[in-house]
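See structure below.
What follows is calculated from the coordinates using simple rules that are stated; it is not laboratory data. All values reported here derive from a predicted model rather than from experimental measurement. Neighbour counts are summed over all protein chains in view; Cβ atoms, including those assigned to glycine, are modelled from backbone coordinates with ideal geometry.
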Amino acid sequence: MSGLYIPLDTPDGSRTEHAENLLAPNPSYMTLDGTNTWVIGADEVVVVDPGPDDEAHLLRVRDHLGERRVTEILLTHGHLDHSGGAKRFAELVNAPVRALDPRHRLGEEGLADGDVVTVDGLEIQVYGTPGHSFDSLCFWLPADRAMLTGDTVLGRGTTIIASDGGLADYLRSLDRLRLTAESLAAQALLPGHGPVLPDPIGALDGYIAHRRERLEQIKEARRQGARTPEEIVRIVYADVDRELWPAAEVSVRSQLDYLERL
Ligand SMILES: [Zn+2]
């Protein structure tokens, strides 16, 4: 698409015509290169996910904006790597924080499925996509045909189902995003971590297939006699770095919950 720019070796500076990423310096197994802070607009901007409570990052974003006014700060969800710096950033730029979870708001307004936020004549449409967490939202930017996906879809690998999320919700959210991406002819997914995905349908199909495959692997591990989440992780996630096993265990628990309710 016109204006889609993806640097080769870092998500920092990735952009579409109206959205630009400033990468926070908090890399880890869970956050990949770090948290993507998305700035949307032109003379006035909305900032999505200020990131962790990291003063240097927050100041970098503020300074990068220069004279441009921040009208609102939006959160894709309340996990600290996205929201931890929100209140401090709100102070720095004098803007409200909107989120689904009232605990993360600053100001009167919430944020929920169906809301439309406008900035500088641009629309940002809000999609409720619970699953990774109970309060996950995605933001559709029609002008760029781009969807900001938070941690619902990452730029590399797959995401986890956190203990405040759920697999049944997550699968519904992926299906909804898939349908939406197709009907709106999405041209990019702008994730909460990792690089921009220039093939939304391919990425979502990959996510949906991966979830189905993991569920089958868990069923198979149980047929082999694995009972506890730990035993299942050891079989199903044998090829995955051990540092990720605790997170995998949370995912396995939610998959077991899901299978029990079928
Ligand atoms: Zn995250």
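Observations on the structure shown:
- Distance between modelled label sites at residue 106 and residue 245, nm, 7 Å Cα→Cβ extension: 4.0
- A simple count of charges around residue 9, restricted to other residues whose Cβ falls under 14 Å of its Cβ and scoring Lys, Arg +1 and Asp, Glu -1, yields -1.
- Dipole of region 195-246, positive direction: furthest Cα of 207, 237, 218, with charges on the beta-carbon: 218
- Centre separation in Å (Cα based) which lies between region 217-236 and region 42-91: 42
- Note on region 1-147: semi-axes of the ellipsoid equivalent to its C-alpha gyration tensor, largest first and rounded to whole Å, are 19, 18, 17.
- When the helices of the chain are scored as -39500 (n - 2.57) per DSSP H run of n ≥ 4 and the total is divided over every residue, the value at 222 nm lands at -10500 deg cm²/dmol.
- Here the calculated FRET efficiency for residue 80 and residue 223, from their Cβ-Cβ distance with R0 = 41 Å, stands at 0.60, rounded to the nearest 0.05.
- Filtered trypsin sites (Lys or Arg not before Pro), region 158-247: DSSP coil and at most 13 other beta carbons within 10 Å: 227
- Cα coordinate range in region 94-243, projected on the principal axes (Å, largest first): 57, 34, 24
- Beta-bridge orientation, the chain: approximately 70 percent antiparallel, per DSSP, counting only bridges with both partners inside.
- The smallest convex shape that holds all Cα atoms of the chain, its convex hull, gives 121 Å³ per residue.
- D (Stokes-Einstein, µm²/s), Kirkwood Cα radius, region 11-76, 1.567 mPa s at 4 °C: 108
- Sequentially through region 137-150, phi angles give Karplus couplings (6.51, -1.76, 1.60; θ = phi - 60°) of 10, 10, 10, 9, 10, x, 4, 10, 6, 10, 10, 7, 10, x Hz, Gly and Pro residues having no value and appearing as x.
- With both residues required to sit in region 1-100, DSSP beta bridges show an antiparallel share near 65%.
- Relative exposure of 38, 245, judged by other C-beta atoms within 10 Å (fewest first): 245, 38
- Neighbour count of at most 14 Cβ within 10 Å plus DSSP loop: longest GluC sites (Glu not before Pro)-free window in the chain: 110-262
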